[in-house]
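Inspection log for the structure reproduced underneath, given as structure tokens.
Derivation of every value follows stated rules applied to the coordinates shown; laboratory data play no part. Predicted model only: the values in this text are computed from it and were never measured. Positions of Cβ are backbone-derived with ideal geometry, glycine not excepted, and every protein chain shown enters the neighbour counts.
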């Protein structure tokens, strides 16, 4: 499943990043993040852009969660159910 990460200001308005910004992706064992066919643990929004797309792959059924963090941004955690 494709996921698009958007950089947003404190008012949740999408904004371009001034410098390339790397986001750390921390999933639990039920899912993994992928880009270009490879498993990834981080992804970078390029300077002048406001988003980047990557993929989530289900590994097993159950409760999945992921935390996404970057310096100077509020962290984001999402929990959801992975169906077989």
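What Kirkwood hydrodynamic radius do you get for region 1-46 when you take the inverse of the mean 1/r over all pairs of distinct Cα atoms, in Å?
Its Kirkwood hydrodynamic radius stands at 12.2 Å.
Taking only the C-alpha atoms, wrap a convex hull around region 21-61 and report its volume per residue in Å³ as a whole number.
66 Å³
Would you calculate the separation in nanometres between label points at residue 1 and residue 29, each defined as 7 Å from the Cα along the Cα-to-beta-carbon direction?
Rounded to a tenth, the inter-label distance reads 2.1 nm.
Please sort 60-72, 1-13, 21-33 by packing, taking for each peptide the average over its residues of neighbouring beta carbons within 10 angstrom, highest first.
Per-residue mean Cβ counts within 10 Å order the peptides as 21-33, 60-72, 1-13.
With a Förster radius of 22 Å, plug the Cβ-Cβ distance of residue 67 and residue 16 into 1/(1 + (r/R0)^6) and report the FRET value to the nearest 0.05.
0.40
To one decimal place, what orientation-averaged projected area in nm² is obtained for the convex hull of the Cα set of the chain? The partial results should precede the final answer.
Values: hull surface 22.0 nm².
Mean shadow area of the hull around the Cα atoms is 5.5 nm².
Take residue 80 and residue 40, extend 7 Å from each Cα along the Cα→Cβ direction, and tell me the distance between the two endpoints in nm.
With each label point 7 Å from Cα toward Cβ, the separation is 1.7 nm.
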